[in-house]
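*Asks:* Take a look at the following structure, please.
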Amino acid sequence: MFQPPLPPHYMRMGSDETAERIARARSALGDRLVILGHHYQRDEIIRWADYRGDSLKLSQLAAAETRAELFVFCGVHFMAESADILTRDDQVVVLPNMSAGCSLADMAKLSDVQTAWDAIGSAVGTARTVPITYVNSAANLKAFVGKHGGACCTSTNARKVLDWALAAGDKAFFFPDQHLGRNTAVAMGLDPDDDMVLWDPALPMGGTTPEVLRKARIILWKGHCSVHQRFTVDQIARARAEHPNVRVIVHPECALEVVMAADLYGSTEYIITQVRNAEPGSVWAVGTEVNLVNRLQTEMPDRTVFCLDPIVCPCSTMYRIHPRYLAWALESLVEGRIVNRVRVPDDVKADARISLNRMLEIT
Ligand code: 13P
């Protein structure tokens with residue numbers, strides 16, 4: 001998405017002035033406004049959030065919030081789209097910087113998914129194939145899934161949604177994150193080689209054959225998160241060598257071997273809960289975005305919390321929500337101008353809502 005440059009005076013504002021202006025605009029908007037903040041946002045943003053959460057929690061909060069008329073979503077584009085889908089038409093969702101996308105979501109385009117679906121249909125039929133999209137996907141893919149009897153999932157509820165899918169059909173077609181799909185299916189007792197096949201959209205017939213597709217229970221899209229792909233088994237071995245009592249906890253967007261080598265894995269909310277509920281003095285190596293990891297350490301100084309990857313790995317698109325963009329979005333709203341509204345077209349919204357609501361029901 002294209003984000004035009006901010007008016008020049010915003011670019012000259014220092015951090016104190018920016019914070020003062022955010023505070024003033026936020027209090028002027030009062031109860032009309034809710035600021036939602038994903039856990040990967042930097043501290044200078046998360047401090048303004050009325051609610052913090054992982055992607056499931058933020059979707060649920062947006063769906064339940066009937067009073068506010070303005071949602072400023074400090075997260076990435078697909079999250080703001082989900083909020084728009086789940087809120088009423090007279091509620092407005094604003095993303096402070098439109099270029100805050102998600103490279104994982106961009107790895108599955110509707111046209112490529114449709115091509116794959118048609119090819120799977122010709123090879124083995126799709127009558128008993130249930131499409132599942134991770135919420136890290138564009139609204140038109142959520143609509144595709146809604147139209148074809150499937151559901152969305154997040155990293156918190158992927159297990160429940162895949163259980164549901166395999167009870168409703170014979171196969172699940174899971175996109176765009178291969179790792180979340182594979183890790184979840186392995187936890188369900190499926191074999192990563194015998195029961196799963198990787199669909200590579202860059203290759204003819206996805207790089208597979210009708211025979212392999214026929215046998216597979218889960219068809220995984222070849223997509224990944226570039227932040228979580230950086231974590232390795234070697235890093236875990238090093239953390240264990242340097243800190244004999246360390247507990248290693250990673251996000252399920254990490255590769256299977258990393259999840260297997262860790263002690264625990266789960267969504268951002270799960271990671272926070274585990275560290276928070278641990279005893280003082282405990283040592284944690286965390287495989288997820290570094291803003292969240294550093295915040296855990298700041299908020300819980302009596303534990304040792306560090307990022308598994310010694311070379312810092314921020315999510316560059318989450319980072320695009322800079323406080324100056326937040327100040328600009330809020331001050332525009334105070335002046336009665338809605339900037340950066342994220343609006344899913346009505347025809348897409350109806351089907352996308354089906355897949356999100358199905359997920360919320362299953363959860
Ligand atoms: P959570 O659902 O754990 O918040 O993850 C969202 C995400 O985008 C991870 O990369």
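*Asks:* Over every pair of different alpha-carbon atoms in the range 318-363, take the mean of 1/r and invert it; report that Kirkwood radius in Å.
*Replies:* On the way: mean 1/r = 0.0755 Å⁻¹.
Computed over Cα pairs of the range 318-363, the Kirkwood hydrodynamic radius comes out at 13.2 Å.
*Asks:* While we're on this one: Please compute the volume of the convex hull spanned by the alpha-carbon atoms of the chain and report it per residue in Å³.
*Replies:* Numbers: hull volume 50.8 nm³, N = 363.
With only Cα atoms used, the chain gives 140 Å³ per residue.
*Asks:* For the chain, what's the relative contact order in percent, using C-alpha pairs closer than 8 Å and at least 6 residues apart?
*Replies:* Details: 715 pairs, mean separation 82.3, N = 363.
Contact order relative to length: 23 percent.
*Asks:* Per residue, what volume in Å³ does the Cα convex hull of the range 266-337 take up? Working shown, then result.
*Replies:* On the way: hull volume 8.7 nm³, N = 72.
Hull volume over Cα atoms, normalised by residue count, gives 120 Å³.
*Asks:* While we're on this one: If Thr87, Thr66 are ordered by their accessible area, calculated over protein heavy atoms with a 1.4 Å probe, which sequence runs from highest to lowest?
*Replies:* Working: Thr87 5, Thr66 95 Å².
I get Thr66, Thr87, largest accessible area first.
*Asks:* Hey, another quick one. Using amide H atoms built in the peptide plane, which far-off residues or other-chain residues are under 5 Å from Val305 H to H?
*Replies:* Residues meeting the amide H criterion: Trp284.
*Asks:* Report the Cα-based extents of the range 1-98 along its three principal axes, largest first, to the nearest Å.
*Replies:* Extents along the principal axes, in whole Å: 37, 29, 25.
*Asks:* Here's another thing I want to ask about it. Count the DSSP beta bridges whose two residues both fall in the chain, then state the antiparallel fraction as a percent rounded to the nearest 5.
*Replies:* Values: 1 of 37 bridges.
Antiparallel bridges: around 5 percent, rounded to the nearest 5.
*Asks:* Explain nothing, just the number: dipole magnitude of the chain about its Cα centre with +1 on each Lys and Arg Cβ and -1 on each Asp and Glu Cβ, in debye rounded to the nearest 20.
*Replies:* 360 debye
*Asks:* Let me ask something else about it. Restricting to lysine pairs 8 or more places apart or on different chains, what number in the chain have Cα atoms under 13 Å apart? Mind showing how you got there, number by number?
*Replies:* Details: Lys109/Lys142; Lys109/Lys222; Lys142/Lys349; Lys147/Lys349; Lys171/Lys215.
Eligible lysine pairs with Cα atoms under 13 Å apart amount to 5.
*Asks:* Further, regarding this structure: Keeping all protein chains in the complex and leaving out DNA, RNA and ligands, what accessible area do you get for Phe78 with a 1.4 Å probe, in Å² to the nearest 10?
*Replies:* 10 Å²
*Asks:* Okay, moving on. Which net charge results for the neighbourhood of Val286, defined as the other residues with beta-carbon distances under 15 angstrom from its beta-carbon, given Lys and Arg at +1 and Asp and Glu at -1?
*Replies:* Numbers: positive: Arg230, Arg238, Arg240, Arg247, Arg276, Arg295, Arg303; negative: Asp54, Glu242, Glu253, Asp263, Glu269, Glu289, Glu299, Asp309.
Local charge sum for Val286: -1.
*Asks:* Which distance in nm do the two modelled labels at Met260 and Arg159 give, with both placed 7 Å along the Cα-to-Cβ direction?
*Replies:* Taking the simple label geometry, Met260 and Arg159 are separated by 1.9 nm.
*Asks:* Here's a follow-up. Specify which residue in the list Ala80, Leu56, Pro96 is farthest towards the positive end of the charge dipole of the range 22-110, using unit charges on the beta carbon of Lys, Arg (+1) and Asp, Glu (-1), about the Cα centre.
*Replies:* Toward the positive end, the furthest listed residue is Pro96.
*Asks:* While we're looking at this one, here's another question. Show me the helices of the chain, taken as full DSSP H stretches, that run 18 Å or more along their long axis by Cα and average 0.5 or above in Kyte-Doolittle hydropathy. Don't skip to the end; give the middle numbers.
*Replies:* Details: long enough: 15-29 (21 Å, -0.72); 110-124 (20 Å, 0.53); 346-362 (24 Å, -0.29).
Correct list, ordered by number: 110-124.
*Asks:* When the helices in the chain are scored as -39500 (n - 2.57) per DSSP H run of 4 or longer and the sum is shared across all residues, what 222 nm value do you end up with, to the nearest 500 deg cm²/dmol? Let's see the in-between values first.
*Replies:* Values: 16 runs with 159 residues, N = 363.
After summing the helix terms and dividing by residue count, I get -13000 deg cm²/dmol.
The values are calculated or read from the model by the stated rules, or taken from the named source; none is laboratory data. Worth saying up front: this structure is predicted, and the values here are computed from it rather than measured. Because the Cβ atoms are built from the backbone with ideal geometry, glycine has one as well, and the counts that use them run over all protein chains shown. These area figures cover heavy atoms from the full protein model, side chains too; ligands, DNA and RNA do not enter into them. Shrake-Rupley method; radii C 1.70, N 1.55, O 1.52, S 1.80 Å.
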